[in-house]
Structure formats: C-alpha cells, structure tokens
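A.B. asks: Here it is, the structure in full.
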Amino acid sequence: MSQSRERLEQTLQELGILAKKSLGQNFLVSDLVIERIINKVKEFTPEALVEVGPGPGALTYFLRQMNVPLTLIELDRVIAAYWREQNIPVIEEDALRLDWSQFYSDKKLVFVSNLPYQISSSIVIDRSLEDKGVEHMVLMFQKEVAQRIRAPAQSEHYGLLSVIAQTFWKPEMVTEAGPRDFSPPPRVASRVLAFSRIESPVQNRKAFLNFVKAAFAQRRKLLKKNLAGLLSQKKLTEEQLVGWMAEMGFKETARAEELSPAQFVRLYKNFGFEP
C-alpha cells in the first residue's frame, strides 16, 4: 500500500467520513503524482501558499512542511474543523465566491489544488482576471480541460479557455493522473498543469474576456457574425473588421478558433476597448 493511501485511510478514520460525491471529492493516493506536484511547487519557491479543497491532506501533508504561510479553503465542515485543530488557517467558503485579494501581499503566492472538477475552468478564468496576486498555480484538472487550456489555435480543443489562459499565463504539463491514482477512482483521466504569470498587453481583462466570449459565442458561425454586436456597440463597420483580419492574413470567412491568443489581443485593441 502506498504511503499516501495509508495516510488517507488513517485520516478518514480519524474524521469518520467518506468521500462526498456532491463535493466532487476524489482523494489523491499516488505517491508519484503527489511527489511531482510538490516538486513543481518547490521549484516556484513560494513565500505563501493557498490550497483549495485540501480534503484529508494528500498535498497538505507536504505543503505544511515547506514552512511558509499556508491557508486552506475547504467547504466540508468536518474537514475544515480537522485542519483548524492542526493549527492551519482555514476559510470555510466557496473558492469561487471568495475575495482572493485577502491573500495578496508582496509575498510570492502559489496556489495549489487537486481541484473539484466542476469549478476548475471558472477558477482559472477568475485568477486570470486579476493583474496581480497569484504568481504561480499548480492545479489538477480533468484531462479534457487541461487539453483545452494548452490547445493551440486551429485544434479541436482550442477555445475561450485556451485564449484566456495563454494570454495571462504560461501553462505547462506536470504529470498525468489515472483513475487508479485516486480513491474513489473517478471515471475520467486527470492531468496536472503548472501556470506562471506572464506580462500581458491587456489592461482591461474583463473587457477582453467579454470580447473573446463574443468571438466564440457560436463556434460554427463566422467570426465577423459573432462580433457583429460589438461592431455596432463601438460604431465600427464590418468592412473595418474584415480589413483588420486581412492584415493578419485571414479571409472574411475566418472563425474564432483560427486566431492565436496574440491575434485576439491585436483584434481586441483594434476595437478600441483600451489604448
């Protein structure tokens, strides 16, 4: 039996609980996957750590040994109480509804999580909308979501999430994780990605997000049709848009998935949402 599986069984026994499907709980029990995640976190030399959904502590066990301030965000009342008893600060709230600015200081902050899959895309977009705060992230995703995050333009997985993640972060692969690396085993394969914040030419991140959302609103539609509403809002013509697309080497029949993240930024700036 792996050491992490032994620790899990011991902790669950102490807590008197089982994994809750309603909270998307699948507990990590692979020593190898845990080691790769922790090694990547150490590479980033964190000065403060935030972990979402620590559960019985497969990652927390090692994060607390780094001797930097660690804050846990945990929705499960029993698990939250357990970590408080271990003298670790716990915020018992939904990570998507939380004001993350409370964690931000001049310390290099790293965000780590074996994420509940139902919140993974939203939490990446939320952190992308902040121009400061989290410097690095090491996050577990359903494999399909991880593929979307790193997908290149003109590929089947490329979309809104790809553009937003790649405009504000450098995402890289850390490790794969199969169903047997968890207890209970999920029905899907998983993948861990690391993110490092990059300088972005976008100032108004919310306006950029809305622009990209509009571009991908109906995937099969032409880009110029999806952006028609924004054209009229900005008192621009379809001819102007077609001209900008031609400058980037695209025909007027181009669809959103053909543009790279950098080309999205360029087109967004042409719309005059910011200087």
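A.B. asks: Consider V68 carefully, then state whether it is in the same structural domain as S122 (by TED's automatic domain parsing), under 20 Å from the mean Cα position of the chain (by Cα) and modelled with pLDDT of 95 or more.
C.D. replies: Answer is no for this residue.
A.B. asks: Take the residues in the stretch 45-91 that are more than 18 Å from E35 (Cα to Cα) and hydroxyl-bearing (S, T, Y); name whichever of them is surrounded by the most Cβ atoms within 10 Å (Cβ to Cβ).
C.D. replies: Y82
A.B. asks: Could I ask something else about it? What's the number of the only condition in (1) assigned to a strand (DSSP E or B); (2) surrounded by fewer than 17 Cβ atoms within 10 Å (Cβ to Cβ) that K251 fails to meet?
C.D. replies: (1)
A.B. asks: Output the residues belonging to the stretch 257-275 that are aromatic (F, W, Y) and within 10 Å of T167 (Cβ to Cβ).
C.D. replies: Listed by number, the residues that qualify are F264, Y268.
A.B. asks: Taking V41, is it part of a helix (DSSP H, G or I), within 22 Å of I123 (Cα to Cα) and either under 20 Å from the mean Cα position of the chain (by Cα) or not small (G, A, S) (or both)?
C.D. replies: Yes; evaluated as a whole, the condition is true for this residue.
A.B. asks: Could you tell me how many of the residues in the stretch 52-91 are closer than 23 Å to F141 by Cα and in a loop (DSSP other than H, G, I, E, B)?
C.D. replies: Final tally of qualifying residues: 10.
A.B. asks: Condition check: within 23 Å of Y158 (Cβ to Cβ), more than 21 Å from the chain's Cα centre (by Cα), not in a loop (DSSP other than H, G, I, E, B) and not assigned by TED's automatic domain parsing to the domain that holds Q118. Does L230 satisfy that?
C.D. replies: Considered against the rule, which asks whether it is within 23 Å of Y158 (Cβ to Cβ), more than 21 Å from the chain's Cα centre (by Cα), not in a loop (DSSP other than H, G, I, E, B) and not assigned by TED's automatic domain parsing to the domain that holds Q118, L230 comes out as yes.
The values are calculated or read from the model by the stated rules, or taken from the named source; none is laboratory data. Everything numeric here is computed off the predicted structure, so don't read it as measured data. FYI the Cβ positions are ideal-geometry reconstructions off the backbone, even for glycines, and counts take in every protein chain you see.
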